[in-house]
Amino acid sequence: MQEGFLSSEPDRARRVLRGGVLVFRWASFGWLIASNALASEPLRRPPLAWGALAATGLWIVFLTARRGDPRDWMLSVDLGISAGLIVLSGFVMPRPGEASGRLFFATTYPASSALAWGAERGPGPGLIAGLILGVALLLSRQANGIAISDLSGDQIVSLGNGIVYFLLAGGAAGVVERTLERSSQQLRFAVEDAIHAREHAARLAHHKAMARAIHDSVLQALAFINKRGHQLAGLEPVPATEVLRLADMADEQERQLRTLILREPEDAPAGTTSLREALEAVVGQTPDMEVSVSAVGPIWLPQADVERLMGAVRQALDNVAEHSGANRAAIFSEIEDGWVTVSIRDNGQGFLYNEEQLRAEHKAGMLGSMKGRIEDIGGKMRVHTAPGAGTEVEFRVPVRIGAGEA
């Protein structure tokens with residue numbers, strides 16, 4: 001597992017559920033093959049029956065190789081194959097075997113389709129899939145030449161058990177999927193709260209830094225101006241030199257406070273650029289999405305380093321706008337122990353981050369470009385993401401000149 005990969009518990013559980021359905025599919029298919037190969041009674045139409053089993057096996061191989069989130073058409077084809085196997089049972093099994101109510105041909109395999117629909121789309125679609133399989137079960141009786149009105153009590157109970165089995169398979173898997181979806185939504189809300197909390201903490205830290213920077217001399221000067229001004233108000237005429245002295249003092253304090261409010265020293269170290277100003281300039285080029293910038297104190301970096309860092313930040317924001325589905329992002333910057341950290345956090349859909357897999361699928365171009373820019377200046381990049389949990393891209397670069405907070 002690559003550094004920076006972060007998986008959520010709901011997503012991990014969903015992958016386990018999907019894997020469990022696949023295991024059931026293979027196990028039930030194996031039993032389907034074995035039960036028909038070892039059956040004491042021959043099939044009525046062996047080529048048709050074994051051709052259907054071969055096609056089903058190829059379909060399972062495709063599903064196994066495909067993995068991931070199945071598309072609707074794949075689920076529909078899978079359900080059609082399972083329903084077809086059930087109906088086909090009526091055509092290939094001996095009539096006495098079907099009269100007993102036991103589907104020796106299709107066995108338990110069709111339940112995998114109900115499980116898949118429930119696990120991927122929820123309890124409603126899972127129950128509908130189970131109902132469709134139940135209808136196919138009724139049709140298989142007629143295909144075997146048995147009228148529903150001619151079924152005995154035991155045969156009706158056996159038929160009902162089969163229908164309930166399919167309904168329970170789809171419904172139960174759907175309940176699990178719905179629980180996982182709710183957990184994923186709760187995680188998404190928690191991420192939103194974390195973004196707001198971090199922004200609030202950054203602003204609070206900024207205010208504290210400003211409070212520390214407003215020295216007692218500034219406050220004492222303002223108190224003196226207030227007191228002396230009231231004294232001069234009672235004099236007639238008012239001495240011009242005293243008024244000028246108070247004006248000069250107020251002007252000096254104004255310059256000091258203006259420097260604090262602007263957050264950066266008026267004179268930058270030679271050859272450096274303000275990181276905050278660079279981040280705000282990049283954010284200004286992203287009009288289609290709300291992006292906030294939070295930073296504490298001045299951070300100065302060499303201009304060449306800032307250009308590479310801003311190139312990576314710009315790519316990260318472009319990636320958020322194009323692929324994440326987010327409507328909000330936040331940028332945080334801080335300096336600690338000789339390293340500057342810039343993180344871009346969004347409230348989008350997130351994804352499974354596996355660097356090797358992304359390279360194999362030729363989808364790592366932008367991530368590789370961002371990583372290359374950061375590594376060129378001696379830094380590191382990490383990606384924290386999971387489906388439904390948003391994405392955070394973090395850049396850490398060394399401070400190669402003096403940098404600090406006011």
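Of the residues Val397, Val313, Val320, Val306, only one is in contact with an Asp or Glu (Cβ under 7 Å, 6 or more places away or on another chain), part of a helix (DSSP H, G or I) and crowded, with 20+ Cβ neighbours inside 10 Å; which? Full working, then the answer.
On the way: Val397 fails: part of a helix (DSSP H, G or I); Val313 fails: in contact with an Asp or Glu (Cβ under 7 Å, 6 or more places away or on another chain); Val306 fails: in contact with an Asp or Glu (Cβ under 7 Å, 6 or more places away or on another chain).
Going through Val397, Val313, Val320, Val306 in turn, just one is in contact with an Asp or Glu (Cβ under 7 Å, 6 or more places away or on another chain), part of a helix (DSSP H, G or I) and crowded, with 20+ Cβ neighbours inside 10 Å: Val320.
Filter region 120-150 down to the residues that are buried (at least 21 other Cβ atoms within 10 Å of the Cβ) and either in contact (Cβ under 8 Å) with a residue 60 or more places away in the chain or among the charged types (D, E, K, R) (or both), then identify the one that is farthest from Arg45 (Cα to Cα). Ranking the qualifying residues of region 120-150, first place goes to Glu120. For Ala173, the conditions (1) modelled with pLDDT under 70; (2) in the same structural domain as Gly118 (by TED's automatic domain parsing); (3) among the small types (Gly, Ala, Ser) all hold with the exception of (1).
Comparison of Thr286, Thr259, Thr272, Thr241 shows that the only residue that is at pLDDT below 70 and of a type in the set (Ser, Thr, Tyr) is Thr259.
Here Leu352 meets the list (1) under 19 Å from the mean Cα position of the chain (by Cα); (2) part of a loop (DSSP other than H, G, I, E, B); (3) buried (at least 16 other Cβ atoms within 10 Å of the Cβ) almost entirely, failing just condition (3). Please specify each residue of region 366-402 satisfying the condition of being at pLDDT below 85 and touching a Lys or Arg at 6+ places or on another chain (Cβ under 7 Å). If the condition is that a residue be at pLDDT below 85 and touching a Lys or Arg at 6+ places or on another chain (Cβ under 7 Å), then Gly388, Ala389, Gly390 are the ones that fit. Looking at (1) of a type in the set (Val, Ile, Thr); (2) over 34 Å from the mean Cα position of the chain (by Cα); (3) surrounded by fewer than 13 Cβ atoms within 10 Å (Cβ to Cβ), which is the one condition that is false for Ile33? For Ile33, the exception is condition (3). The residue pairs whose first member lies in region 48-68 and is among the small types (Gly, Ala, Ser), whose second member is in a loop (DSSP other than H, G, I, E, B) and surrounded by 15 or more Cβ atoms within 10 Å (Cβ to Cβ), and whose beta carbons are closer than 7 Å, counting only pairs six or more residues apart or on different chains, are Ala49/Leu43; Ala49/Phe105.
Taking the criterion of being at pLDDT 75 or above and among the charged types (D, E, K, R), the only residue of region 141-163 that qualifies is Arg141.
Just checking, how many residues over region 37-53 are modelled with pLDDT of 85 or more and under 17 Å from Asn144 (Cα atoms)? Qualifying residue count, region 37-53: 4.
The values are calculated or read from the model by the stated rules, or taken from the named source; none is laboratory data. Since we're looking at a predicted model, the values are computed, not measured. Quick reminder, even Gly has a Cβ in these numbers, built from the backbone with ideal geometry, and neighbours come from all protein chains shown.
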